[in-house]
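A short write-up of the structure that comes next.
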Amino acid sequence: MRMLVTAVVLLATALPLVAQPTATPRDELLSLVPSDTAICLIVQGVRDRSQAVAASPLAAWVSQKYGTALGAAPELQKLKDVETLFTSFLGVTPTDLRDDIFGDAIVLTYKPGPVGKPEQEQGCVMLKARDPAKLAKLVDQLNKVQNATKELTAIVPLKYRGQEYFKRAKSDDRSEFYLLDDGLFVFAAQEASIHSVIDQRLAPKNNPPPIAKSIEQLRVQDAFILCWFNPRKLDTEVKAHIAAAGSAKEKAARQQFAQIWSALDNIAIYLDAKADLEFGVAAAYRADALPGELRSFLQSRPKSSALWQVIPEDALLAIAGRATGRQIMDVLLSFTPAEDRDEVRQEIEKSLGAVIGRQKVPDVLRGIGPDWGVWVTQPGTGGWWPTVTLAVGVTDDPATVRTAVEKTVAFYSQFAQVGYNRDHDDQIESQTERPVAGPEVTIFSNPKLFSNGFLPCYALSEGHLIVSSSPKQVAAFRKPGAVKVPPDEAVVLRVSGAALQGYLGKHGKEIAEWAATQQDRPVASVNREVTTLAEILHVLDRGELVLRGDGQVLRCGVRLKFIQPLTK
């Protein structure tokens, strides 16, 4: 019985130890970051990520296509010479530096000084080396080299709360400080920064550390590089920025930014490298503290525009989103002085009201959207200018909205046509065509003004206003179906590298000649730039701007998908 009790006690004692997760090098460093830090830069997994990229399908493709040329490049031999010099100078190879010293995690911190005392700012660099012996050898060698060059006058050992650290006294009467202990290296220009790290090291540990919790909330904890910001520690700088505003318009814009800033809890800029490369910004916020004009966009999960269902996959460039005309107007006006907003609204209502009746303006502004999109595709026959198409949703509720939008577009297009024809000998002609199967299309033509296949036109069809430089695009438009993109992200912008490369390859000469004329430059010089751009685009399959969020956290990222995956 006594043996059974003893076994149970031992098991109960051991279970928490088994369940306790081992802190990663990143979290070990983050546990040393003072709580009043304003900015924290984190680099993690240098060794593993660089090895993964080196073994990736993309690296194999680049090696196969450009390996011979790269191997014979004189710059490569210079790089090898630098590597040899580096090794003899510091006693470690670049591979040692990457894998055994910088390979796990690097953290940089910054805290601004009090108001009026910028000289009291603090910051430090921390890293956790896989091989403590190589790190100690590197630090010792750097000290010896700087001693030999008289840049350092002394290395002075010091202690704080029982922890040894070192002062690097320099010949210019400035000092630097560092802590070196079992693979942990901390470097700072201020002694107070070293003391803060030691205080954190001796304090009870939070698991995970507060900053680790913050970046997990932002869902960027696995990013290769990220820079985290604590908005509350930068409020003083934001207030000073507002106070420095000049005009009333500038002050209004900055005050609106300040309200948005006050609603933010955490922010991070990140770069991640997996199969695709993605960089962007993530923010955690309180939706109820945001300006009302933005709250409707950010208090729920972002949604992709349904127009992505009709935008061609091979479009050179496409942008699409969701917002009504009224929402867009309210957001833009929120950045103007309050006393000017009513005046601007009245001017808009007067301008539109003169065409459709002022009482219909609110319904029209609400009825335009929410889906809208602009896309650029390969040119049709007879020119090299790409085709541009705009589509905006138009509601039929109330039924007067469609009629009002049609009258507005017809009025302003005719107004522009009359204004041009009055001042020019060459005239813009307009005509209306109705294909056997398709909407009625209004087309504008002028051989002198509109050339290279450019033929502006518009139509209202399938619940949308479609404006394009090609009547074929208008006639081919069909009402979009259900959104098929992943539910956890909304695509806002897309660039096709393959389509752009094909376009430049086919029309690069005409583009270079036109650009050279516009910039008054030699055609050969511009043509080389166009050829170089086409070669660069050969590596890119597509680029996308995507939004991900849940009403409390928003991530806005640029995702680059290469011709081959960046990692296996």
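The values are calculated or read from the model by the stated rules, or taken from the named source; none is laboratory data. Here the structure is a predicted model, which is why all the values come from computation and not from measurement. We place every Cβ from the backbone using ideal geometry, glycine too, and count neighbours over all the protein chains shown. These area figures cover heavy atoms from the full protein model, side chains too; ligands, DNA and RNA do not enter into them. Shrake-Rupley method; radii C 1.70, N 1.55, O 1.52, S 1.80 Å.
Out of the residues in the range 359-377 meeting the condition of being over 19 Å from A306 (Cβ atoms) and in the same structural domain as Y458 (by TED's automatic domain parsing), tell me which one is most open to solvent (accessible area, probe 1.4 Å). The selected residue is Q359. Any chance you could count how many residues in the range 228-253 are in contact (Cβ under 8 Å) with a residue 60 or more places away in the chain and either loosely packed, with under 15 Cβ neighbours inside 10 Å or over 18 Å from the mean Cα position of the chain (by Cα) (or both)? Final tally of qualifying residues: 10. In the set V107, V115, only one residue is modelled with pLDDT under 90, outside any helix (DSSP H, G or I) and within 30 Å of D265 (Cα to Cα); that residue is V115. Annotation: Q256 fulfils all but one of (1) closer than 19 Å to V331 by Cα; (2) open to solvent by 60 Å² or more (accessible area, probe 1.4 Å); the unmet one is (2). Test R286 against the stated conditions and say whether it is farther than 24 Å from R559 by Cβ and in contact with a helix residue (DSSP H, G or I) (Cβ under 8 Å, 6 or more places away or on another chain). In short, no.
Within the range 91-110, the set of residues being surrounded by fewer than 18 Cβ atoms within 10 Å (Cβ to Cβ) and more than 17 Å from P34 (Cα to Cα) comprises G91, T93, P94, T95, R98. Spot the failing condition for I225; the list is (1) surrounded by fewer than 17 Cβ atoms within 10 Å (Cβ to Cβ); (2) under 30 Å from the mean Cα position of the chain (by Cα), and only one is missed. With (1) surrounded by fewer than 17 Cβ atoms within 10 Å (Cβ to Cβ); (2) under 30 Å from the mean Cα position of the chain (by Cα) applied to I225, the lone miss is (1). Here H507 fulfils each of the conditions (1) out of contact with any helix residue (DSSP H, G or I) (no Cβ under 8 Å at 6 or more places or on another chain); (2) assigned to a loop (DSSP other than H, G, I, E, B); (3) not hydroxyl-bearing (S, T, Y) apart from (2). Among the criteria (1) among the polar types (S, T, N, Q); (2) part of a helix (DSSP H, G or I); (3) over 16 Å from K65 (Cβ atoms), the one T532 does not fulfil is (3). The C-beta contact set for the range 451-474 (first residue touching a residue at least 12 places away in the same chain (Cβ under 8 Å), second residue open to solvent by 20 Å² or more (accessible area, probe 1.4 Å) and basic (K, R), distance under 7 angstrom, 6+ apart or interchain) comprises L460/R402; E462/R478; E462/K479; G463/K479.
Every listed requirement among (1) closer than 24 Å to A268 by Cβ; (2) open to solvent by 40 Å² or more (accessible area, probe 1.4 Å); (3) under 32 Å from the mean Cα position of the chain (by Cα) is met by Q200 save one, (3). Within the range 527-568, the residues that satisfy the criterion of being over 24 Å from S63 (Cα atoms) and of a type in the set (S, T, N, Q) are N527, Q552. Restricting I348, I356, I319 to residues that are at pLDDT below 85, on the phi < 0 side of the Ramachandran plot and open to solvent by 30 Å² or more (accessible area, probe 1.4 Å) narrows the list to I348. In this entry, D182 passes the filter for residues that are under 30 Å from K137 (Cβ atoms) and of a type outside the set (K, R).
Please work out if S430 is open to solvent by less than 50 Å² (accessible area, probe 1.4 Å) and of a type in the set (G, A, S). Answer is no for this residue. Cβ-Cβ contacts under 6 Å between residues 6 or more apart (or on different chains), taken from a first residue in the range 105-117 that is closer than 12 Å to N230 by Cα and charged (D, E, K, R) to a second residue that is at pLDDT below 95 and assigned to a strand (DSSP E or B), are listed as K111/Q122. Name the residues in the range 330-359 that are among the hydrophobic types (A, V, I, L, M, F, W, C) and closer than 19 Å to A410 by Cβ, would you? Passing the criteria: I348, L352, A354, V355, I356. Surrounded by fewer than 18 Cβ atoms within 10 Å (Cβ to Cβ), touching a residue at least 40 places away in the same chain (Cβ under 8 Å) and not in a loop (DSSP other than H, G, I, E, B) - does that describe any residue in the range 67-85? No; the residues of the range 67-85 include none that is surrounded by fewer than 18 Cβ atoms within 10 Å (Cβ to Cβ), touching a residue at least 40 places away in the same chain (Cβ under 8 Å) and not in a loop (DSSP other than H, G, I, E, B). In this entry, T324 is excluded by the filter for residues that are in contact (Cβ under 8 Å) with a residue 60 or more places away in the chain, within 22 Å of E293 (Cα to Cα), β-branched (V, I, T) and open to solvent by less than 50 Å² (accessible area, probe 1.4 Å). Screening E164 against (1) buried (at least 16 other Cβ atoms within 10 Å of the Cβ); (2) modelled with pLDDT of 95 or more leaves a single unmet condition, (1).
In the range 438-467, how many are more than 37 Å from the chain's Cα centre (by Cα) and either under 24 Å from I368 (Cα atoms) or part of a loop (DSSP other than H, G, I, E, B) (or both)?
11
I'd like the full set of residues that are farther than 21 Å from F224 by Cβ and open to solvent by 30 Å² or more (accessible area, probe 1.4 Å), limited to the range 276-288. Of everything in the range 276-288, those that are farther than 21 Å from F224 by Cβ and open to solvent by 30 Å² or more (accessible area, probe 1.4 Å) turn out to be R286, D288. For the range 132-157, a residue qualifies if it is among the aliphatic types (A, V, I, L, M) and surrounded by 14 or more Cβ atoms within 10 Å (Cβ to Cβ), and the qualifying residues are L135, A136, L138, V139, L142, V145, L152, I155.
Residue selection: T403 satisfies the criterion of being of a type in the set (S, T, Y), surrounded by fewer than 17 Cβ atoms within 10 Å (Cβ to Cβ), in the same structural domain as V441 (by TED's automatic domain parsing) and farther than 30 Å from I511 by Cβ.
Number of residues in the range 282-325 that are hydroxyl-bearing (S, T, Y) and part of a helix (DSSP H, G or I) equals 1. Filtering the range 21-46 to residues that are touching a residue at least 40 places away in the same chain (Cβ under 8 Å), assigned to a loop (DSSP other than H, G, I, E, B) and not small (G, A, S) leaves P21, T24, L32, V33, P34, D36, T37.
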